[in-house]
Amino acid sequence: AQLRLSELLGRPVTIGEVGFEPWRLALTVTDLRIGPAAGASAPEPLLQVQRIRLDADLASLWHRAPVLESLEIDAPRLRLARTGEGRYDIDDLIERFSRPSPTPASAEPARFALYNLQLREGALRFDDRPVGRVHQVAALTLSLPFLSNLPSEVAIKVQPRLGFTLDGTRFDSGAQATPFAQTREADLQLRLAPLRLEPYLGYLPADLPVKLQQGSVAADLTLQFRQGSGRPEVALKGWASANGIAMADRTQAPLLSWRELRVDLREVRPLDRQVALAGLRLDGARLKVVRAANGRLNLQDLVGTEPRRPETVGPTTSAGGWRLALDQLELTDAGVDVDDAGVKPRSAWQLAQLGLQIQQLRWPDPTPAPLTLAGQVRQGAAEGSPVASLQASGTATDRQAHIDWQLQGLQLEPLAPYLTAVLTPRLSGQVQATGQVHWSAASA
């Protein structure tokens, strides 16, 4: 085991003792250590675990998938270090496990059953060497009754709990359970007060095409565990938000910002690959688009220049794929600032007061989703003068759309720089228009 693990990780791995009880299908490993990378200056191991005990269940045989009656992890100690801008002492492991798998991934979810997970007295030490700061997570405790997508009769012995101390501040989740009911239920509460992101921005990879500059996150989530006569169920409910977000491109030029992004989770079942959202709301979003004199957009610089290989996409209605339901998508008070140096004279535009509402989005089996759209077109930087207003409503899917639209007060004079190549006379005037769009994708 030591040789195989050392070869897999590219780091020295040692194990104190291994005990196996065949009559109970129980495996115990003590004093597991994963050493530092070759040539590292720090002698401390990357990870050491005092004890791991795994109890398997005979149901693994007829399910032909792992069914673990319990998993206990005692006193894991993890040490990480940031060695430079966007560099960590585990970059070798990240690179090793980021390599593409030689075998294609299956569309079916992995079948497994893990019951009674207990992690006790965990600790994490993060050494931020460039700034000379050390962050520590101590007294980490995690208990989960099950994570399973297989029916099983394994008894639930633990109550859900998450607790830890972060740099001296204690956090402990609440839990509620009905262990003696016919349908056993347990809820794990996860609450996060608004957390400023600025102190942690230095830990993001340096090669990201977008640089996060500021913002905060908050959440109030409930992780629910239920086990009746059938397959166990795990569901996530509640809400999460990211507010006051500002991002820049590689040159530190403003790119994207918003006031509030809120996601309301009606029920997310990750083991069943089902996501049901009550709402997704984005307020005050602002996107900066710049076109250079050569016609290249700043958005093109966010992606690599190497051509992507075509991907083989299977049927979207595969039973093993993810399913998404979104009751309402709402975009309010959004805007796009356009700085166009590709025309003469240079032109500046705004798409302002954009509002979009879409209801009852479904995937991969979409139904016609009602939508409404409204916005203004303005000329000039900042709060420019209105050039036109647009309103639209109708229904749409990925295969068809029926939209009624109305364009009012379109001033033609600001369009002159875009028509000089084909139109010599000076252009002026105003356009009012209404119309309908009926579109349908070609049948396969």
What number goes with the only condition from (1) among the aliphatic types (A, V, I, L, M); (2) open to solvent by 30 Å² or more (accessible area, probe 1.4 Å); (3) in contact with a strand residue (DSSP E or B) (Cβ under 9 Å, 6 or more places away or on another chain); (4) more than 30 Å from residue 154 (Cβ to Cβ) that residue 208 does not pass? (3)
Here is a check on your reading of the model: is residue 27 open to solvent by 50 Å² or more (accessible area, probe 1.4 Å) and not in a strand (DSSP E or B)? no
Restricting the search to the range 211-269, which residues are over 17 Å from the mean Cα position of the chain (by Cα), part of a strand (DSSP E or B), closer than 26 Å to residue 303 by Cα and among the polar types (S, T, N, Q)? 213, 214, 257
So residue 423 ticks every box in (1) part of a strand (DSSP E or B); (2) farther than 26 Å from residue 333 by Cα; (3) open to solvent by less than 80 Å² (accessible area, probe 1.4 Å) but one. Which box is left unticked? (1)
What are the residues in the range 232-282 that are farther than 26 Å from residue 362 by Cβ, open to solvent by 40 Å² or more (accessible area, probe 1.4 Å) and either of a type in the set (Val, Ile, Thr) or without any contact (Cβ under 8 Å) to a residue 24 or more places away in the chain (or both), if any? 251
Among the residues of the range 34-65, what is the count of those that are open to solvent by 90 Å² or more (accessible area, probe 1.4 Å) and not in a loop (DSSP other than H, G, I, E, B)? 3
Count of the range 120-134 residues which are part of a strand (DSSP E or B) and on the phi < 0 side of the Ramachandran plot: 10
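In this structure, is residue 68 open to solvent by less than 60 Å² (accessible area, probe 1.4 Å), more than 30 Å from residue 135 (Cβ to Cβ), not polar (S, T, N, Q) and not in a loop (DSSP other than H, G, I, E, B)?
yes
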Candidates 296, 266, 291, filtered to the one that is of a type in the set (D, E, K, R) and in contact with a Lys or Arg (Cβ under 9 Å, 6 or more places away or on another chain): 266
Do we find a residue being acidic (Asp, Glu) and surrounded by fewer than 13 Cβ atoms within 10 Å (Cβ to Cβ) anywhere in the range 190-201? yes
So the check is Cβ under 6 Å with 6+ separation or different chains; which pairs have a first residue in the range 283-295 that's over 12 Å from residue 349 (Cβ atoms) and open to solvent by less than 30 Å² (accessible area, probe 1.4 Å) and a second one that's among the hydrophobic types (A, V, I, L, M, F, W, C) and assigned to a strand (DSSP E or B)? 284/258; 285/258; 285/334
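The values are calculated or read from the model by the stated rules, or taken from the named source; none is laboratory data. Predicted model only: the values in this text are computed from it and were never measured. Cβ coordinates were reconstructed from backbone atoms using ideal geometry, including for glycine residues, and neighbour counts include every protein chain displayed. The accessibility values were calculated without ligands, DNA or RNA, using every heavy atom of the protein model including side chains. Shrake-Rupley method; radii C 1.70, N 1.55, O 1.52, S 1.80 Å.
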